[in-house]
Amino acid sequence: MSDQPQYEETTNGVYISVRPEYLHAQSEPSDGQFTWAYHVHIENVGNQIIQILTRHWKITNIKGQSHEVIGDGLVGQQPTLKPGETFEYTSGTPLTTPSGFMSGSFQVVAEGGDVFNAIVPAFSLDSPHATTAIH
């Protein structure tokens with residue numbers, strides 16, 4: 001899995017990296033079903049305690065068709081991270097095309113009360129069935 005690209009972004013002391021992974025066993029290219037996992041690593045590199053409240057994803061296929069996912073927390077949790085702590089999770093998404101991309105943000109509240117959106121870097125979803133990569 002180390003050959004998978006990793007995408008990174010830091011916003012207000014919140015470091016986020018994402019590594020997508022094409023899931024061959026859960027995809028059916030002949031039926032227009034392409035499935036990815038994405039592995040998210042979040043690290044509090046700032047000096048305040050933070051809590052992640054919500055997520056907002058935009059998922060776009062190679063035809064430019066997109067949909068958004070907005071909800072509370074991450075995989076059923078609203079993690080609180082002290083400086084230096086990390087939180088990791090894996091989720092997934094299907095597409096009807098062999099390539100696409102995702103981008104998003106996590107709403108974060110810092111211990112001082114500041115609320116901001118930590119940017120999740122845009123990342124490519126390129127299956128081996130794609131004729132050209134879009135990243």
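Placing pseudo-labels 7 Å out from each Cα toward the beta carbon at Gln51 and Thr96 gives an inter-label distance of 3.9 nm.
Other residues whose C-beta falls under 15 angstrom from the C-beta of Val75 contribute a net charge of -1, scoring Lys and Arg +1 and Asp and Glu -1.
Go through the range 32-100 and name the trypsin sites (Lys or Arg not before Pro) that are in a DSSP coil and have 15 or fewer other Cβ atoms within 10 Å of their Cβ. List each step's numbers first, then the result.
On the way: sites: Arg55, Lys58, Lys63; in loops: Lys63.
Here the sparse-neighbourhood loop sites are Lys63.
Candidate values (1) 1.63; (2) 1.04; (3) 1.10 were compared with Cα Rg over 2.2 N^0.38 Å computed on the shown model; the agreeing label is (3).
Can you give the extra length, in nm with one decimal, that the chain gains between Phe116 and Glu88 once fully stretched, where that is 0.36 nm per residue apart less the Cα-Cα distance? Display every interim value, and only then the final one.
On the way: separation 28, 0.36 × 28 = 10.08 nm, distance 1.99 nm.
Gain in length upon complete extension: 8.1 nm.
Any idea what the relative contact order of the chain is, in percent, if you count C-alpha pairs under 8 Å spaced at least 6 apart? Contact order relative to length: 28 percent.
Any read-out appearing in this document is the output of simple, stated calculations on the displayed coordinates, not a laboratory observation. In this text, all values refer to a predicted model and were calculated from it rather than measured experimentally. Ideal geometry is used to build each Cβ from the backbone, glycine not excepted, and the neighbour counts take in all protein chains shown.
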